1. Taking the stretch 392-416 only, how many residues are open to solvent by 100 Å² or more (accessible area, probe 1.4 Å) and either modelled with pLDDT under 70 or of a type in the set (S, T, N, Q) (or both)?
2. If L139 satisfies all but one of (1) under 25 Å from the mean Cα position of the chain (by Cα); (2) under 20 Å from L187 (Cα atoms); (3) buried (at least 17 other Cβ atoms within 10 Å of the Cβ), what's the number of the condition it fails?
3. Hey, does the stretch 342-351 have a residue that's open to solvent by 30 Å² or more (accessible area, probe 1.4 Å) and within 25 Å of S415 (Cα to Cα)?
4. Checking T329 against (1) within 29 Å of D408 (Cβ to Cβ); (2) in contact with an Asp or Glu (Cβ under 6 Å, 6 or more places away or on another chain); (3) polar (S, T, N, Q): exactly one of these is not met. Which one?
5. For the stretch 270-310, which positions are among the aliphatic types (A, V, I, L, M), open to solvent by 10 Å² or more (accessible area, probe 1.4 Å) and in a helix (DSSP H, G or I)?
6. Before we move on, is N205 touching a strand residue (DSSP E or B) at 6+ places or on another chain (Cβ under 8 Å) and assigned to a loop (DSSP other than H, G, I, E, B)?
7. Please identify the pairs in which a residue from the stretch 375-389 that is closer than 14 Å to L348 by Cβ and in contact (Cβ under 8 Å) with a residue 12 or more places away in the chain has its Cβ atom under 8 Å from the Cβ atom of a residue that is surrounded by fewer than 20 Cβ atoms within 10 Å (Cβ to Cβ) and charged (D, E, K, R), counting only partners at least 6 apart or on another chain.
8. Can you name the residue in the stretch 151-196 that is open to solvent by 40 Å² or more (accessible area, probe 1.4 Å) and within 12 Å of the chain's Cα centre (by Cα) and is also modelled with the lowest pLDDT among such residues?
Amino acid sequence: MGTHKNRDRISYLPWDVLDNILVRLPLKEVVRTSILSSNWRHKWTGISQFVLHDKCIPKRISDKVARWGSVMEIIRQVQLCHDGAIEKFKLAAYCRPDHSDLDQWIRFLTSKGLKELILQEFDSIKRFNLPFCLFSSPLLNRLELFGCRFKPSSAVIEFRSLTTLQLNQACISGHMLECLVSNSPVLERLILLDIDHQIVLRIRNPNLKYLKVDSNFDDIFLEHSPLLATVDIGLRVGVAPRFFDSGAGQLVRIIGCLHALRKLTLSSAFLRFLGNITVPDRLPTMLQHLSVLELKDVRLDSMTEVMVCLCIFRSAPNLEKLLLSVAGTTAYSRPSVEFLITQSLSNLYFEQLKEASIRAVQGVIPELILIQFLLARSPVLEKMTIVHYGSERLPGESLQQFVPASKDVKIFNLSM
């Protein structure tokens, strides 16, 4: 017997050590250990983490319902044989889950000390109603859901350990979302993608540090999340939000309260949202910690978007990195161009800016003025990247007329 142990040391490792080894392997390989010996036949069903992806399903099975059947074969064996904790479950296999199966499986998981539940994109005719038991999971620290419907009352929500919450194509009311966020006291990361209906986003959490929104919404309130350091908001084009103006304007109310902000990413549509009522020269309180600013698909022929951008520039004295992509811009739009020229002659400097990037440049007047403006007002700039949209780079003669304030700046003139 001693000789056998020496030959097969791995079988006699303590279970916590063996589990730590097995969860690092693809589940398909872990399942294969069942053929090693009778001792290993059901070992794989007792591991603490299950990640089900496309490789767990035979390639010959393409039907989405049949693919879920393959997933259920694994799940049933786990339900039958598992007698320990299940800390993580991730469904990343494209299939069409049976809602009653999925409901039963989540109930099983919540009774096993679940810490991470990740449901990635799957096919479904209608939204999956989450079981109530999920909303009082004391150990759950990561929750990523796709295609789900939230229907519990606020009284049953108690996520004491939740640090990461991601909702993708979820059906949820504004009130339900507010309860979900505010009843997660240690929540640090919140990601909202393609929410089903336009709702008011009231993000109230004193511990929240990261927020990403890529969805339509009616309005957004962030003043009760004082630790937000990274904010990325992408409002979709073509949807008219309903404004709840406080009198000071959207820009002051939404961005002006983010005093811990270090990185800010905004879409073109959200810039227009912010500038809908009134735009001040600068925010009442400076964004002293903001070091990285990314502005996506900015329309330089839009007076509103230009004014919002310049307000943020003036309010971020310690900005070090600026990433800006421009949308299709008309060759000449008198109000925005004249405003840009006026501002380029004003007392606005980028004292700490070290890196700037402007993408999708077409070489029209507003873009050239902006490039000239940035080069002339950035005394410590080290790198300027200009990516021209099309087969040709920005003409060399256009660049030669720009006089940079920084002697050390390197200009990279590229084409897409």
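The values are calculated or read from the model by the stated rules, or taken from the named source; none is laboratory data. Quantities reported herein were computed from a predicted structural model and do not represent experimental measurements. Cβ atoms come from the backbone with ideal geometry, glycine included; neighbour counts cover every protein chain shown. Please note that ligands, DNA and RNA were not included when accessible areas were found on the heavy atoms of the full protein model with its side chains. Shrake-Rupley method; radii C 1.70, N 1.55, O 1.52, S 1.80 Å.
1. Pass one, the stretch 392-416, residues open to solvent by 100 Å² or more (accessible area, probe 1.4 Å): 392-393, 397, 400-401, 403, 407-408, 410, 416.
After this cut, where a residue has to be either modelled with pLDDT under 70 or of a type in the set (S, T, N, Q) (or both) as well, the list is 392, 397, 400-401.
Residues flagged as open to solvent by 100 Å² or more (accessible area, probe 1.4 Å) and either modelled with pLDDT under 70 or of a type in the set (S, T, N, Q) (or both) within the stretch 392-416 amount to 4.
2. (3)
3. The answer is no, given that none of the residues of the stretch 342-351 is open to solvent by 30 Å² or more (accessible area, probe 1.4 Å) and within 25 Å of S415 (Cα to Cα).
4. T329 satisfies all of (1) within 29 Å of D408 (Cβ to Cβ); (2) in contact with an Asp or Glu (Cβ under 6 Å, 6 or more places away or on another chain); (3) polar (S, T, N, Q) except (1).
5. If the condition is that a residue be among the aliphatic types (A, V, I, L, M), open to solvent by 10 Å² or more (accessible area, probe 1.4 Å) and in a helix (DSSP H, G or I), then M303, M307 are the ones that fit.
6. Details: touching a strand residue (DSSP E or B) at 6+ places or on another chain (Cβ under 8 Å): yes; assigned to a loop (DSSP other than H, G, I, E, B): yes.
Criteria met by N205.
7. As it stands, the answer is P379/E351, since those pairs meet every condition given.
8. Ranking the qualifying residues of the stretch 151-196, first place goes to D194.
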